[in-house]
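Participant: Have a look at this one.
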Amino acid sequence: MIYLDEKTEDRLAFESLLQQTKDSVLEQLETIASPSSLSGNDFELIVFENAVIHANDTPFKGKLRHTDDREFPDIIASELFGIEVKATKKDDWTSIGNSVLESSRVKTVEKIYMFFGKLGGSPDILFRNYEECLKGIAVTHYPRYQIDMLLKAEDSIFSKMGTDYDTIRKSKNPVTQIRTYYSQQLKEGEGLWWIDDDIEREAPLSPVIKNFVSLDAADKDAIKADIFVRFPEVFTNSSKKFEKVPAFLAARYGVVTANLRDNFTAGGQVTISYRNKDYRLPQITKELCRLAMLVSTALSQADEVLLSNAWQKKIPNFENSEKAWMDELDKITSDMGYDVRLSDLYSAAKSGEVKF
């Protein structure tokens, strides 16, 4: 890369500029009665103003600009180097950073440094290579890096993943490798409900948390159909069959419920008529039949990646999402000892051949 080869002298000059900026910002913080009262924007502006002053005797004179709120990083030098400014009011060196997607990154910037102000306790500043202080992934409304300015370089998220920052940021879908790594760390019953391999296709999540019972009937049915597709284990008799669903509801729909099981199983057993024969089956089977067309729609919008991620396993001999899902139902049918296959009921319900 340019900054590692032809621009080595500029890189060293830029690091010297960062050191001078750090020293003068610390001096300015000493004149402020309560540095922890500064907002992140306040601190960012102080850093920029000091950097401009110290750039006068460097190759970067007149070449620093403060980017707007929609761009990453916060300060650009010669359109090549970047400073991402972070501040915490706490007395530690950790924070939540930027999106792993970096969709707003200024394309010309090749080298970014983290400039971190610890404003709590005894104020101090550290700066270092951006990628060296990224500890892991945290989630707000999309995956973001966790910052730890005291992190050993070998403990960065990229070292753990066996890759490097530039490989991740330049990949077509950076979430894919992140998902693979975290999938390998999962314990029994855990899932990556917070990361989709194509996170930008997900519907935006409302800031309002809703109770499932307060939703209108159409929304409830659509959510149920989505759950049937992603969590076919809800058709088993396992005591843990709904274990993954609450987190999924909260993450994808902003919905919570205190009685999730009752929304699927209330009423116990029901009688379902299929091909002139009656079957006594759990209430959730009736819900499957009632929502068969919605389930079909959800399956048409799913793919192998979505299903394998949701089910936490590789799907052998994948042909299409509906067949893979119906195969899962057939395995459940066999385990449950039913006299009729759930996949047959689902298919018949789509054409109105099931009565209850």
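The values are calculated or read from the model by the stated rules, or taken from the named source; none is laboratory data. For clarity, every value in this text was computed on a predicted model and none was experimentally measured. Note: ideal-geometry Cβ built from the backbone for every residue, glycine included; neighbour counts use all protein chains shown. All accessible areas refer to the heavy atoms of the entire protein, side chains included, with ligands and DNA or RNA removed. Shrake-Rupley method; radii C 1.70, N 1.55, O 1.52, S 1.80 Å.
Participant: Can you tell me which residues in the range 104-121 are open to solvent by 10 Å² or more (accessible area, probe 1.4 Å) and free of Cβ contacts under 8 Å to residues at least 60 places away in the same chain?
Facilitator: Passing the criteria: S104, V106, K107, T108, K118, G121.
Participant: Sticking with this one: Is it true that L186 is open to solvent by 40 Å² or more (accessible area, probe 1.4 Å), modelled with pLDDT of 95 or more and in a loop (DSSP other than H, G, I, E, B)?
Facilitator: So L186 does not fit the description; no.
Participant: Restricting to the range 265-313, and then to whatever is basic (K, R) and under 15 Å from P232 (Cα atoms), can you tell me which residue is surrounded by the most Cβ atoms within 10 Å (Cβ to Cβ)?
Facilitator: Here the answer is K286.
Participant: Still on this structure, I have one more. Mind checking whether some residue in the range 61-73 is open to solvent by less than 20 Å² (accessible area, probe 1.4 Å) and of a type in the set (G, A, S)?
Facilitator: No, the conditions are met nowhere in the range 61-73.
Participant: Return the residues of the range 283-310 that are outside any helix (DSSP H, G or I), touching a residue at least 40 places away in the same chain (Cβ under 8 Å) and either farther than 14 Å from V354 by Cβ or within 26 Å of the chain's Cα centre (by Cα) (or both); say none if nothing qualifies.
Facilitator: Within the range 283-310, just A302 meets the criteria.
Participant: On to the next question. Would you please name the residue that is farthest from A51 (Cα to Cα), looking only at residues in the range 114-136 that are in contact with a Lys or Arg (Cβ under 7 Å, 6 or more places away or on another chain) and among the hydrophobic types (A, V, I, L, M, F, W, C)?
Facilitator: Only one residue fits best here, namely L119.
Participant: Let me ask you something else. Do we find a residue being closer than 21 Å to E15 by Cα, of a type in the set (D, E, K, R) and open to solvent by 50 Å² or more (accessible area, probe 1.4 Å) anywhere in the range 82-103?
Facilitator: Among the residues of the range 82-103, not one is closer than 21 Å to E15 by Cα, of a type in the set (D, E, K, R) and open to solvent by 50 Å² or more (accessible area, probe 1.4 Å), which makes the answer no.
Participant: Under 6 Å by Cβ, and 6 or more places apart or on different chains, what pairs join a residue from the range 142-157 that is closer than 21 Å to Q184 by Cβ with one that is open to solvent by 10 Å² or more (accessible area, probe 1.4 Å)?
Facilitator: P143/I137; R144/I96; R144/S99; R144/A138; Q146/K135; Q146/A138; L151/K135; S156/E132
Participant: So which residues in the range 93-121 are among the small types (G, A, S) and not in a strand (DSSP E or B)?
Facilitator: Of everything in the range 93-121, those that are among the small types (G, A, S) and not in a strand (DSSP E or B) turn out to be S103, S104, G120, G121.
Participant: Would you point out which residue out of F14, F60 is within 22 Å of N98 (Cβ to Cβ), in contact (Cβ under 8 Å) with a residue 40 or more places away in the chain and out of contact with any Asp or Glu (no Cβ under 6 Å at 6 or more places or on another chain)?
Facilitator: F14
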